[in-house]
Every structure is written in structure tokens, then in C-alpha cells.
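For reference, the structure discussed in these notes is given below.
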Amino acid sequence: MQDSGLERKFARFGDGLSIGDDQVIAGYASVFGAADQGGDVVQKGAYGASLERLSREGRQVKMLWQHDPAQPIGLWQEVREDSRGLWVKGRLLDSIAKGREAAALITAGAIDGLSIGYRTKKATKNSKGQRLLMELDLWEVSLVTFPMLASARLAAKEDGMQPFREVAATLRDASREMTAL
């Protein structure tokens, strides 16, 4: 993949993640005021101008797999800032293989992260040497394997997924027992 010049910030899914029959996922892709592993801190209001511009131009933030622009896996139907951070809600496309794979990996607990792809428009440094991100041009929110920002959370609709979570937990426990032998 060619470098697009986009920066990326990661967020971890919350506990109890599941996907409903309609493949809807929702939660925080970014949390304000929390330093990530790179020392960057997104400030409240950082996404506002970008979201307004996207809306005005009739464009959407893309839902990608592992930041790969050749692998869109769904649609973010709602992207907004609130007092806590950048909240997203969308639907994985089960009509494409990668969308079905993503749903299965999330259900099994193998994928537990979100990451934003953006360009920095305005930033400053604080006395701790952290970069304070004041204005960002948001391009995409990806499902990823390795998140950086543990405080951001994703929760998904839980329609009828308890049996699948129980099966996944049973398989994980059996695997641990086999490894211990």
C-alpha cells in the first residue's frame, strides 16, 4: 500500500463486543483528552470543521479494513463529536467477504480495535511534550488488529449474539487447556 500521508490513531473496542444480525457496530473511535501511546492528545472540537465540510460536500467518512483504501468493509452511517469524543455508528457489509470476515473476527474477539485516518490541520505542544491535536481532517475509521488508544470504546448491537460469544469463549478455554497439557 502506498503511503497516503495520512496519520492514524487507534482505539480499543470495549468489553462485551458483539454484532447484531444487522451487522451494526457503534462506539467511540477517538476520546478527547486521552494521550495515546504516541503521546498525542485529541482536543475537544478537533473534528468539527472536518465533519461540517464532509456534510456540506455530501461525502462520508469511509469504513476500511486495516486502513487499506482498497478494502472498504461497510458504511459509517453516523459520525459525530460529543463531549466525550468521536462517536461512530455503522454497518458492516455482509454482502462482501471482508465484511463477513470482520464480523466473525469481532464476534470471536480476535479484532478489538478502531483506528482513525486523518491529516493534522492544527496542533501545538504542551509542557509535557505531547502533541495537542486541535483540528483534524478526518478521512476514515478502520477496524484494526492493534489499537493504541485503550480508553476509546466500541459497543455493538447485541441482537441474539450471546450463543456465538459463548461458543467463542468455550473454544478459547479449550485451546488454553490443550496448550497447558
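Any read-out appearing in this document is the output of simple, stated calculations on the displayed coordinates, not a laboratory observation. What you see is a predicted model; the values in this text were computed from it and never measured. Glycine also receives a Cβ, built like all others from the backbone with ideal geometry; neighbour counts cover every protein chain displayed.
Observations on the structure shown:
- Net charge of Cβ neighbours under 9 Å - reference G45; Lys, Arg +1; Asp, Glu -1: -1
- G85 long-range amide H proximity, modeled H, under 5 Å: F32
- Summed side-chain charge close to W65 - residues other than W65 whose Cβ falls under 12 Å, Lys, Arg +1, Asp, Glu -1: 0
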